[in-house]
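The values are calculated or read from the model by the stated rules, or taken from the named source; none is laboratory data. Keep in mind the model is a prediction, meaning the values are calculated, not measured. Neighbour counts are summed over all protein chains in view; Cβ atoms, including those assigned to glycine, are modelled from backbone coordinates with ideal geometry. Surface areas here come from the heavy atoms of the whole protein model, side chains and all, with no ligands, DNA or RNA. Shrake-Rupley method; radii C 1.70, N 1.55, O 1.52, S 1.80 Å.
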Amino acid sequence: VFILIEDFSKAMSQAGSSQFQEVIRQELEYSMKVELDKILSTASSNELEHTKKDLEGFKKLFHRFLQEKGPSVDWGKIQRPPEDSIQPYEKIKARGLPDNIASVLNKLVVVKLNGGLGTSMGCKGPKSLIGVRNENTFLDLTVQQIEHLNKSYSTDVPLVLMNSFNTDDDTKKILQKYSHSRVKIYTFNQSRYPRINKETLLPIAKDVSYSGENTECWYPPGHGDIYASFYNSGLLDNLIAEGKEYIFVSNIDNLGATVDLYILNHLMNPPNGKRCEFVMEVTNKTRADVKGGTLTQYENKLRLVEIAQVPKAHVDEFKSVSKFKIFNTNNLWIALSAIKRLQEKNAIDMEIIVNPKTLDGGLNVIQLETAVGAAIKSFENSLGINVPRSRFLPVKTTSDLLLVMSNLYSLNAGSLTMSEKREFPTVPLVKLGSSFTKVQDYLRRFESIPDMLELDHLTVSGDVTFGKNVSLKGTVIIIANHGDRIDIPAGAVLENKIVSGNLRILDH
């Protein structure tokens, strides 16, 4: 018997392992279909159509997930992009602007990715509704920027928000406050996909509801979903019918992502007469960006490579600032007609990101996602533009929030620009400890935002509070050990200082 088993396993591994895997794959796919049909059968008549579309999209993604194994790039094929495929911003700016800017602006639609919640900063509800500057939220600043454009050039640039089922209701309620602003605002929802149990690879949802205890059963599948959702919503066709030609897509929490007229002019009036269908703004890496996706040449196409796709042996090489000098800011300019063409041919190819999560009850699940920039290889005549760092100003943490609230930036018509009083064009490195993670804790710890014009580096750890009108210069490190508390007194000037131990300012 032993010999037979050994022979059988050898035969399986040589001839049959791929067949065996194929059988397993088909069984998994069949089980998934059965479960999704059960879920669909619980949909009411007004939910049926869009739930069906969502589950169809998910089924395609799941099918690809079962087909693909391991990192999806062959490291040997990765090459540096050709010189002319990533243009310096200065060169694009040097072309100047046409006399009639309004005619180019009227072809543009601004799209903001608004699917995220503020949970990482301890907030409930959409991240776009967090106050970032003078009581203004991310959404307020976005509307102000576009309104300023429309007023300055007598144009009609609309704002489109891609919401998720997590952010849609709260966002729609707040939109009423902009009803008198000079910006048409549209929304559409990205898909809603079921999370799958890591062990069984089956959905954990039993029905279509996503409220109450079922909220954890569903997820929005990453911003790569924009192409299908935008198309399915009917909004894409409506905007094309209105004569719109390009969308400028960016994350709503990137305060540097404002409409750039020079890039728009380059798209509408290309120097060689051949229009780009897809432009990705990239910027030079610093030590803080080593994990960001980078543009490479792969099989004669520009391709975005993310760290998750890199074979383990090459991760350090991928992070190298000398070999891969740029990263993707996720500011993208895409031709509407190209999205429509590719969507109708089902020809948008994006790598699958497998995102593992552990739910509150301890269950391990995975969610299958895609990233909007990964589609660059599906478009014709794509281009990277190496933009100044100022176009990448994301607010992911309260450390980022401190920078944008400070006097490093001035606010004008919804746009933040680096203060002319700062001698260096670079942003200080700020690291606030876990006591500052939540927005409400962070705000409680600053009586007023310190003067940071001459700051290079700030690290704060432990129970620390700042009085009014504190000034920080050079490198400042403040560490309150466990059980200690440090109160930085009002009016204090800290220059190249390390403060540790206990420092309590007592009221007299």
#### Entry: LYS33 - accessible surface, heavy atoms, 1.4 Å probe, Å² rounded to 10
90 Å²
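Taking GluC sites (Glu not before Pro) as exposed when DSSP calls them loop (any state but H, G, I, E, B) and at most 16 other Cβ atoms lie within 10 Å, what is the longest stretch of the chain free of them, the sites themselves excluded?
Values: sites that count: GLU68, GLU135, GLU199, GLU242, GLU299, GLU380, GLU420, GLU423, GLU447.
Here the longest run is 300-379.
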### Over the range 223-298: Rg over Rh, Cα atoms, Kirkwood Rh
1.00
### Task
May I ask you to derive the relative contact order of the chain, considering only C-alpha pairs under 8 Å and at least 6 residues apart, and to give it as an integer percent?
15 percent
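How many percent of the alpha carbon pairs in the range 444-504 exceed a separation of 20 Å?
Working: 254 of 1830 pairs.
Value for the range 444-504 (Cα pairs over 20 Å): 14 percent.
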#### Entry: For ASP400, solvent-accessible area (1.4 Å; no DNA, RNA or ligand), Å²
40 Å²
### Query
Number of Lys-Lys pairs in the range 36-101 under 22 Å by Cα, sequence gap 8 or more or different chains?
8
#### Entry: Sequence of LYS112, LYS151, LYS93 when ordered by accessible area, the most exposed leading, probe 1.4 angstrom
LYS151, LYS93, LYS112
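How large is Rg/Rh for the range 227-385, to two decimals, with Cα atoms and a Kirkwood Rh?
On the way: Rg = 17.2 Å, Rh = 17.3 Å.
Expressed as Rg/Rh, it is 0.99.
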### Task
Would you list the P(r) distribution for the chain, with all Cα-Cα distances sorted into 20 Å bins from 0 and each bin expressed as a whole %?
20, 51, 26, 4, 0
### Task
Report the Stokes-Einstein translational diffusion coefficient (µm² s⁻¹, integer) for the range 398-500, Rh taken as the Kirkwood radius over Cα pairs, at 4 °C with viscosity 1.567 mPa s.
93 µm²/s
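Can you tell me the relative contact order of the range 266-322? Whole percent, Cα pairs under 8 Å, sequence separation 6 or more. All intermediate terms of the calculation are to be shown ahead of the outcome.
Details: 36 pairs, mean separation 14.6, N = 57.
Across the range 266-322, relative contact order equals 26 percent.
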#### Entry: Percent RCO, i.e. relative contact order, over the range 89-246, from Cα pairs under 8 Å lying at least 6 residues apart
22 percent
### Task
Please calculate the 1.4 Å probe accessible area of TYR186, with all protein chains present, and give it to the nearest 10 Å².
60 Å²
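How much of the accessible area of the chain, probe 1.4 Å, is carbon plus sulfur, in whole percent? Spell out each step's value before the answer.
Working: 12760 of 24940 Å².
Within the chain, the accessible surface is 51 percent carbon and sulfur.
To the nearest 20 Debye, how big is the dipole of the range 408-495 about its Cα centre, given +1 on the beta carbon of each Lys and Arg and -1 on that of each Asp and Glu? Don't skip to the end; give the middle numbers.
Details: 9 positive and 11 negative charges, 47 e Å.
Dipole size: approximately 220 debye.
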### Message
Can you sort PHE65, PHE188 by solvent-accessible area, 1.4 Å probe, largest first?
### Response
PHE65, PHE188
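For the range 286-338, build the convex hull from the C-alpha positions and give me its volume per residue in Å³. Before the final figure, lay out the partial values.
Values: hull volume 5.5 nm³, N = 53.
Each residue corresponds to 104 Å³ of Cα convex hull volume.
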### Alpha-carbon centroids, the range 19-61 and the range 81-156: separation in whole Å
37 Å
### Task
Specify which residue in the list TYR193, TYR442, LEU141 is farthest towards the positive end of the charge dipole of the chain, using unit charges on the beta carbon of Lys, Arg (+1) and Asp, Glu (-1), about the Cα centre.
LEU141
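To the nearest 20 Debye, how big is the dipole of the chain about its Cα centre, given +1 on the beta carbon of each Lys and Arg and -1 on that of each Asp and Glu?
Numbers: 61 positive and 60 negative charges, 154 e Å.
Once rounded to the nearest 20, the dipole reads 740 debye.
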### Query
For the range 75-391, what is the accessible area per residue in Å², given a 1.4 Å probe and the full set of protein chains?
42 Å²
### Message
Which order do you get for THR155, THR358, THR475 if you rank them by accessible area with a 1.4 Å probe, largest at the top?
### Response
THR358, THR475, THR155
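State in Å² the accessible area per residue of the range 398-500; use a 1.4 Å probe, count heavy atoms of protein chains only, and round to the nearest integer. The partial results should precede the final answer.
Details: 5080 Å² over 103 residues.
Ligands and nucleic acids excluded, the result is 49 Å² per residue.
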### Query
Of ASN355, GLY122, ALA375, which is farthest along the charge dipole of the range 75-391 in the positive direction, counting Lys and Arg as +1 and Asp and Glu as -1 at C-beta?
ALA375
